[in-house]
Structure formats: structure tokens, C-alpha cells
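Bear in mind that the values in this text are calculations on the coordinates, not laboratory data. This structure is a prediction, so every number in the text was calculated from the model and none was measured. Glycine also receives a Cβ, built like all others from the backbone with ideal geometry; neighbour counts cover every protein chain displayed.
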Amino acid sequence: MDSLKVPAHTAQAMTSALKAWLLRGAAGWLALGAAAPVPAQGTTEFDNLTRSPFVHCAFYRHYDIDPRTGDRLLVEGLSDSLTHYQRQGGGRVRAIDTRRAGAHEVQVVRGRKYLHFIERSAGMYVVTTVYACLERDPRTAVCINYGAVNARHFDARVLRDPDTVYEELQARAEPGFCDHSFLNLQEAANRAPQ
């Protein structure tokens, strides 16, 4: 191991290179932060999802990259899996997905920052975490498209502290998006035709 003091001109060059690297990194993080959706403060952002009788999600193992911006492109219709959550009587929620047959019971948990759909399956947890609003209705400002990830893991902490588990495992989760549908179906059906 070299323990000699580095000559001044080498130290200056390394310091300049380090500063340039840090500035490029900071600029990159700022650009990423500007492009990334902002997580909801509290879970009130997700009220429409918790009230909706149907929530649809699409998840991607592979995705295209926008050549202009470098952002991930999650193209509707090209997902690797689809999950449909359906609210049942008595506060129960069922999930149906394209990876297995049949409907499965799901627990809906509002974390401090995120909304989680948690399914227990043979000792494993299949968790959809909704983390942000991606798109709002221009007329009403109601969120209509949400950023989400789907993770499969064995971490039982997800039942006690799902936000922490999401933050630790999000890099390995499949990115995607969710939307609610038929939120006001009953109200629309009760209106007189025009």
C-alpha cells in the first residue's frame, strides 16, 4: 500500500476531477429528480384507489428507453403482467393476475407514504406498492394514473412496516402503473340521459 504523500500537482488534479465528478453527479440527480414523480405526502393522494371498486395495474420486467431523455418507457399493452384488484363486500379485496389462475385475497394497507396491496402466497408476499401520481385529469385535477411497483419476497416485515420494505426492495421490483376505473359508476348510472 502506498502511504507516501501525493505531490501537490497530482492532488490538485484529483481534487478538480473529484469536483467535476460530483457536479456531474449532482446535475444528474437533479435531472432525475425533476423527471421522477413526487411521492404523495401522506396517503390521501391514493383515496380514489382505496374507494374504487376496480384497480388495474400493469408491470414490466423489460422496458424501452426513450432515446431522447434516457427515461424508461412503460408502454401500455406491452406489459409482462397485469393485475386486477376488485373490491368485495365487507371490505375484502381480491386480486386476479396474468401469472396464475384464480382469485386471491389481498390486504390493502395505507403506509405513512405509500399504498400497498399485500397478498400472502405459500409463505411469499406479492406486494403492489403505489408510490405517486403520474397523471391528473386536466379538468378536475384528480389523479388518474399512478406509479407502482410489484415485488415478490419473503420479508414478513411488510405486514408491520410496508413502507420500509418497499424502500429497501424497490430497486428489484418490477416498475409499472395502476389506474382506477368506474369510480363514479353508480353516480353516472343514476343520472338521467341527456
Here segment 45-58 yields Karplus 3J(HN,Hα) values (6.51, -1.76, 1.60; θ = phi - 60°; whole Hz; Gly and Pro given as x) of 4, 9, 4, 4, 5, 6, 8, 5, x, 9, 10, 10, 10, 10
Nitroxide proxy distance, nm - points 7 Å out along Cα→Cβ at residue 110 and residue 152: 3.1
How many nm is it between the label spots at residue 100 and residue 168, if each spot is 7 Å from the Cα in line with the beta carbon? 2.3
Would you please state the base-10 log of I(q)/I(0) at q = 0.19, 0.26 1/Å for segment 77-134, with intensities from the Debye formula using one equal scatterer on every alpha carbon? -0.77, -1.22
Considering amide H positions built from the backbone, and no H for Pro or chain starts, which residues 5 or more places from residue 145, or on another chain, come under 5 Å of its amide H? 134, 135
If all Cα-Cα distances of segment 44-183 are sorted into 10 Å bins from 0 onward, what percent lands in each bin, rounded to whole numbers? 12, 43, 36, 9, 1
